[in-house]
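Trainee: What follows is a single structure, and I will ask about it in a moment.
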């Protein structure tokens with residue numbers, strides 16, 4: 001097992017280097033640069049010498065290979081540089097938003113897991129009954145409705161019905177838990193519903209498959225208590241693909257809630273990501289892509305390790 | 001007789017809103033909470049161009065002059081740190097007397113040394129320091145500080161709009177000692193003389209300022225403080241006003257927002273409106289055939305029914321006033337009756353379109369001629385405006401395809417590349433209404449690379465210089481009219497669409513603020529007060 005874990009861990013390094021090279025090159029292919037966005041696109045006159053000074057200051061006048069080497073050398077020292085837009089260290093820019101995004105991702109994951117697993121199991125057990133149909137409609141509705149749209153509906157609903165709006169400024173949980181939850185619970189529900197829809201459908205189909213396995217029939221024939229069969233034998237096996245879905249969704253949530261963050265005015269990584277791209281802030285975009293890639297790879301790694309732990313056949317192959 | 005709508009709007013606004021305390025006695029206290037749809041990259045006003053800096057940061061600073069906060073045209077220079085000024089007879093020397101007893105927020109006294117250092121940074125920045133408005137002050141020979149309370153600007157030639165240029169909302173007066181140590185200090189720090197002291201900036205979230213108890217203008221400011229919330233999503237900004245979480249948004253809402261908020265909030269909400277010193281125009285690439293032919297360019301403008309569009313588009317988009325090269329209702333704007341003599345502004349649209357078809361035929365352009373119109377991927381108001389343009393051109397037999405390019409890539413991949421487009425949407429927004437700033441865009445491309453129609457017109461260049469140097473307003477007006485006629489009618493180098501229209505939503509509690517045509521003006525907040 002230890003050898004398997006080390007091997008999987010080391011595989012993360014070339015993947016991250018590949019991502020770093022790819023994002024560096026892709027960003028340079030997109031037209032426009034940070035100086036142009038900052039000074040030319042405002043509709044006011046900007047002289048060429050200002051543009052030159054700013055480009056030189058950011059190192060954009062250097063050859064591409066030199067910019068790449070500088071960036072890679074920085075990465076080796078865990079120095080991500082400074083944002084080309086604000087001039088602030090990138091670690092500072094990310095740190096500011098990371099707590100919010102992490103908390104929202106965890107809350108949405110909790111909502112999704114708490115909804116998806118019981119609903120998926122019940123739907124599988126009551127296949128083709130009204131209970132199953134209700135669960136399927138609930139999950140299809142969750143898939144069909146974009147989270148941001150649901151968020152807009154929530155805000156309008158609060159405003160029109162209750163004449164109330166959630167807080168619009170982030171307060172850390174340890175400063176004021178009530179204020180913090182009053183702001184984050186709504187986006188967590190909006191996102192959690194869509195997220196749970198994916199996981200519910202996955203739980204249902206995995207449970208249906210497992211419930212038809214010979215060992216479940218054997219357990220039933222032996223007269224084992226149904227709850228025990230479900231929890232110890234069926235659910236444990238059915239949860240493998242569900243874990244993958246939940247893990248990947250979690251990684252996505254960390255940097256992918258762009259529009260939902262806008263709707264609820266959340267100062268998170270998703271919004272920062274979009275702004276970094278719109279501003280052509282190469283250094284910040286590169287760091288964010290690397291961060292999200294790292295989270296994806298890490299989640300995949302942990303899922304693989306969990307798979308191997310749950311199913312020993314995997315590590316033996 | 002058609003009314004001058006721009007003037008009417010400005011006059012009505014002035015009547016309805018009134019200056020600070022014109023009707024009621026200002027009340028002290030309270031925190032003004034407002035949304036800002038953009039955020040500043042750095043804190044240095046001398047370096048940046050976005051209103052995302054002005055809206056939260058202007059309250060920390062003073063400028064030498066300011067635009068009179070009660071003037072709805074946003075064009076009258078008024079004292080700020082300078083309490084009076086004189087100009088020499090030859091117009092080459094301006095001398096300003098500074099207020100005494102003005103303190104920076106650290107308690108040190110502001111003197112002419114600080115004004116000189118700030119203007120030297122703007123006009124003569126040292127190597128490696130970017131000053132985006134340096135070109136505006138090429139007329140300045142030297143800035144002098146003969147004594148602690150006198151500042152003198154010596155000019156190379158007389159400039160009719162020099163005082164207006166000193167009322168720029170960007171020209172914050174910084175502390176000389178700080179600049180002497182580090183020219184970049186103000187990019188990340190605040191130290192001004194303004195009515196509010198800096199408290200906090202949480203990036204991506206909010207900016208907070210509190211009342212400066214030692215403010216030089218005794219009795220001001222009225223507010224205890226302010227909180228600017230950075231909210232990018234438009235729907236959220238509207239929801240915050242509707243939910244009374246935001247008292248004002250200083251840029252603009254849309255006509256649809258105005259209707260929805262009025263219906264929802266009734267007397268709790270009010271709006272101030274003005275013609276806006278921003279305009280979408282059509283860049284016609286003179287290096288591309290057949291657009292090098294002025295008959296074709298003229299046909300493009302003659303096809304447009306601007307007067308009708310003013311009525312219809314203003315219901316769905318942030319555009320309204322029919323305009324030439326100056327914001328309607330401001331001192332150098334062409335009155336509508338005169339504007340109607342220019343090609344594309346004729347009141348009889350059928351006659352205008354018949355002439356357009358004739359010119360196209362004469363230029364050898366076949367019916368159904370196709371070209372691509374490139375547009376910037378910014379929905380409001382680019383999208384409705386492009387749809388309208390395409391529809392209008394179709395009415396004279398032109399078949400136009402729209403290609404939308406991502407906003408951030410637009411300048412780099414379209415406008416700044418003459419090979420990349422035939423006809424494209426262009427945009428200009430001014431921070432103060434003044435011909436020097438507003439029409440500089442239209443001088444020849446070799447003088448201003450921001451001229452994206454890529455033409456050389458020495459007559460226009462000459463007229464620009466003449467209007468800029470004219471001391472007499474009437475003489476200046478004459479040159480501006482000539483400039484406008486040549487630009488929009490004789491040569492049709494560009495097409496003006498409609499002037500943008502500013503709709504500022506504000507809680508009924510907010511008083512003492514006057515809308516102007518520029519969303520960069522009137523953000524010191526010293527005159528603003530809350531009635532509850």
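The values are calculated or read from the model by the stated rules, or taken from the named source; none is laboratory data. This one's a predicted model, so the numbers in the text were calculated from it and none came from an experiment. Cβ coordinates were reconstructed from backbone atoms using ideal geometry, including for glycine residues, and neighbour counts include every protein chain displayed.
Trainee: Does any residue of segment B:264-275 turn out to be in contact (Cβ under 8 Å) with a residue 40 or more places away in the chain, in contact with a helix residue (DSSP H, G or I) (Cβ under 9 Å, 6 or more places away or on another chain), within 14 Å of another protein chain (Cβ to nearest Cβ) and under 19 Å from residue B:502 (Cα atoms)?
Mentor: Yes, the conditions are met somewhere in segment B:264-275.
Trainee: So residue A:260 ticks every box in (1) farther than 24 Å from residue A:26 by Cα; (2) within 14 Å of the chain's Cα centre (by Cα); (3) more than 12 Å from chain B (Cβ to nearest Cβ) but one. Which box is left unticked?
Mentor: Here residue A:260 meets the rest and fails (3).
Trainee: Scanning segment B:356-373 for residues that are farther than 14 Å from residue B:293 by Cα and in contact (Cβ under 8 Å) with a residue 12 or more places away in the chain, which turns out nearest to the chain's Cα centre (by Cα)?
Mentor: Per the stated criteria, the residue is B:373.
Trainee: Residue B:311: surrounded by fewer than 24 Cβ atoms within 10 Å (Cβ to Cβ) and either touching a residue at least 60 places away in the same chain (Cβ under 8 Å) or over 25 Å from residue B:350 (Cα atoms) (or both), yes or no?
Mentor: no
Trainee: Still on this model: Tally up the residues in segment A:209-244 that are touching a residue at least 24 places away in the same chain (Cβ under 8 Å) and crowded, with 16+ Cβ neighbours inside 10 Å, please.
Mentor: Counting residues in segment A:209-244 that are touching a residue at least 24 places away in the same chain (Cβ under 8 Å) and crowded, with 16+ Cβ neighbours inside 10 Å gives 13.
Trainee: Also, I was wondering about something else. Of these, B:445, B:399, which one is surrounded by fewer than 21 Cβ atoms within 10 Å (Cβ to Cβ) and farther than 30 Å from residue B:471 by Cβ?
Mentor: The match here is B:399.
Trainee: Would you mind listing the helices (runs of 4 or more DSSP H) fully within segment A:154-264 where at least 1 residues are within 23 Å of residue A:111 (Cβ to Cβ)?
Mentor: Here the list reads A:177-211, A:236-256, A:258-263.
Trainee: Being within 20 Å of residue B:160 (Cβ to Cβ), out of contact with any helix residue (DSSP H, G or I) (no Cβ under 6 Å at 6 or more places or on another chain) and part of a loop (DSSP other than H, G, I, E, B) is the filter here, so list the residues in segment B:449-496 that pass it.
Mentor: Within segment B:449-496, B:471, B:472 qualify.
Trainee: Here's something else I'd like to know. Determine, yes or no, whether residue B:76 is free of Cβ contacts under 8 Å to residues at least 12 places away in the same chain, in contact with a strand residue (DSSP E or B) (Cβ under 8 Å, 6 or more places away or on another chain) and at negative phi.
Mentor: yes
Trainee: Checking residue B:256 against (1) more than 14 Å from chain A (Cβ to nearest Cβ); (2) under 25 Å from residue B:512 (Cα atoms), which single condition isn't satisfied?
Mentor: That leaves (2) as the condition not met.
Trainee: Out of the residues in segment A:23-66 meeting the condition of being more than 9 Å from every other protein chain (Cβ to nearest Cβ) and outside any helix (DSSP H, G or I), tell me which one is surrounded by the fewest Cβ atoms within 10 Å (Cβ to Cβ).
Mentor: Checking each candidate, the answer is A:63.
Trainee: Let me ask another. Tell me the residue from A:142, A:87, A:151 that is in contact with a helix residue (DSSP H, G or I) (Cβ under 6 Å, 6 or more places away or on another chain) and within 14 Å of chain B (Cβ to nearest Cβ), please.
Mentor: Result of the check over A:142, A:87, A:151: A:151.
Trainee: Return the residue satisfying two criteria in turn: it lies in segment B:123-145 and is part of a helix (DSSP H, G or I) and within 12 Å of another protein chain (Cβ to nearest Cβ), and of such residues it is nearest to residue B:180 (Cα to Cα).
Mentor: Here the residue is B:134.
Trainee: Among the residues of segment B:381-425, write down those that are within 23 Å of residue B:257 (Cβ to Cβ), in contact with a helix residue (DSSP H, G or I) (Cβ under 8 Å, 6 or more places away or on another chain) and away from chain A (no Cβ under 14 Å).
Mentor: B:384, B:385, B:388
Trainee: Collect the residues in segment B:243-269 that are closer than 11 Å to residue B:380 by Cβ and assigned to a loop (DSSP other than H, G, I, E, B), keeping them in residue-number order.
Mentor: B:252, B:253, B:254
Listed here are the residues, each with its yes/no results for (1) touching a helix residue (DSSP H, G or I) at 6+ places or on another chain (Cβ under 6 Å); (2) crowded, with 23+ Cβ neighbours inside 10 Å; (3) under 25 Å from residue A:146 (Cα atoms); (4) at pLDDT below 85.
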{"site": "A:265", "(1), (2), (3), (4)": "yes, yes, yes, no"}
{"site": "A:268", "(1), (2), (3), (4)": "yes, yes, yes, no"}
{"site": "A:276", "(1), (2), (3), (4)": "yes, yes, yes, no"}
{"site": "A:301", "(1), (2), (3), (4)": "yes, no, no, no"}
{"site": "A:307", "(1), (2), (3), (4)": "yes, no, no, yes"}
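Trainee: Sticking with this structure for a sec: Among A:102, A:96, which is within 12 Å of chain B (Cβ to nearest Cβ), part of a helix (DSSP H, G or I) and more than 30 Å from residue A:228 (Cβ to Cβ)?
Mentor: Testing whether each residue is within 12 Å of chain B (Cβ to nearest Cβ), part of a helix (DSSP H, G or I) and more than 30 Å from residue A:228 (Cβ to Cβ) leaves just A:96.
Trainee: I'd like to check something: does segment A:202-217 contain any residue that is at pLDDT below 90 and closer than 25 Å to residue A:148 by Cα?
Mentor: No, the conditions are met nowhere in segment A:202-217.
Trainee: (1) under 18 Å from the mean Cα position of the chain (by Cα); (2) modelled with pLDDT of 95 or more: which one isn't true of residue A:130, the others all being true?
Mentor: It fails just one condition, (1).
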